[in-house]
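> The structure is given below, and queries will be raised subsequently.
The values are calculated or read from the model by the stated rules, or taken from the named source; none is laboratory data. All values reported here derive from a predicted model rather than from experimental measurement. In this analysis, Cβ positions are derived from the backbone assuming ideal geometry, glycine residues included, and neighbour counts consider all displayed protein chains.
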Amino acid sequence: MGLVVGKWRFESSARIPSIEALATALANATRLQVTHQVDDGESHARIDIPSLGEALFDIERAGAEVTFFSHIPAHPYLWENLDRVLVALGGQRLSDETCWRPDERFRHVRKPWDELRAAQKWLLRFPTIGASRFLDRFV
């Protein structure tokens, strides 16, 4: 299985939110349960959204940059809202050919979970099959 990689740069390493603060901000933005785990003193961490069955399974901090990893394909609700939260916290998304970029098709899911329509929630909870989220186009 491949990886989705997203990178955000902050003004300085001191401006990068802690994993706990990031998990809290993501939980507040989505109104979903978000859990986190930290290893190696925050150099590597994990954030999970159990109700979606999705995780950012590795989060690396290096200098003023923070990098997130998940399995392909990128879950549209998780990644769009991660971007929304990180930009609100002062991050600037790095968008080269290898990094995740927002998808205009999913801009409308950048809101709390309880503001989505029932059909959207059902589609976004649908599990990834292989490396495909073939129903996301209907979200």
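> Is it the case that some residue within region 42-60 is more than 11 Å from the chain's Cα centre (by Cα) and free of Cβ contacts under 8 Å to residues at least 12 places away in the same chain?
Among the residues of region 42-60, not one is more than 11 Å from the chain's Cα centre (by Cα) and free of Cβ contacts under 8 Å to residues at least 12 places away in the same chain, which makes the answer no.
> Would you be able to tell me the number of residues in region 21-61 that are of a type in the set (D, E, K, R), at pLDDT 95 or above and under 20 Å from Lys7 (Cα atoms)?
Of the residues in that region, 1 qualify.
> Also, quick follow-up: One residue is enough: does region 14-24 have a residue meeting the conditions in contact (Cβ under 8 Å) with a residue 12 or more places away in the chain, under 24 Å from Thr128 (Cα atoms), of a type in the set (S, T, N, Q) and surrounded by fewer than 21 Cβ atoms within 10 Å (Cβ to Cβ)?
Looking for residues that are in contact (Cβ under 8 Å) with a residue 12 or more places away in the chain, under 24 Å from Thr128 (Cα atoms), of a type in the set (S, T, N, Q) and surrounded by fewer than 21 Cβ atoms within 10 Å (Cβ to Cβ), one finds none in region 14-24, hence no.
> Being at pLDDT 95 or above and more than 12 Å from the chain's Cα centre (by Cα) narrows it down to one of Leu82, Leu78, Leu89, so name that one.
Leu89
> Give me the pairs, please: first residue somewhere in region 63-92 and of a type in the set (Gly, Ala, Ser), second residue anywhere and part of a loop (DSSP other than H, G, I, E, B), beta-carbon distance under 6 Å, and either six or more positions apart or on two chains.
Listed by first residue and then by second, the contacts come to Ala64/Phe10; Ala64/Ser12; Ala74/Trp100; Gly90/Phe10; Gly91/Phe10.
> For region 53-108, what are the residues that are touching a strand residue (DSSP E or B) at 6+ places or on another chain (Cβ under 8 Å), among the aliphatic types (A, V, I, L, M) and under 24 Å from Val38 (Cβ atoms)?
Of everything in region 53-108, those that are touching a strand residue (DSSP E or B) at 6+ places or on another chain (Cβ under 8 Å), among the aliphatic types (A, V, I, L, M) and under 24 Å from Val38 (Cβ atoms) turn out to be Ala55, Leu56, Ile59, Ala64, Val66, Ala74, Leu78, Leu82, Leu86, Val87, Leu94.
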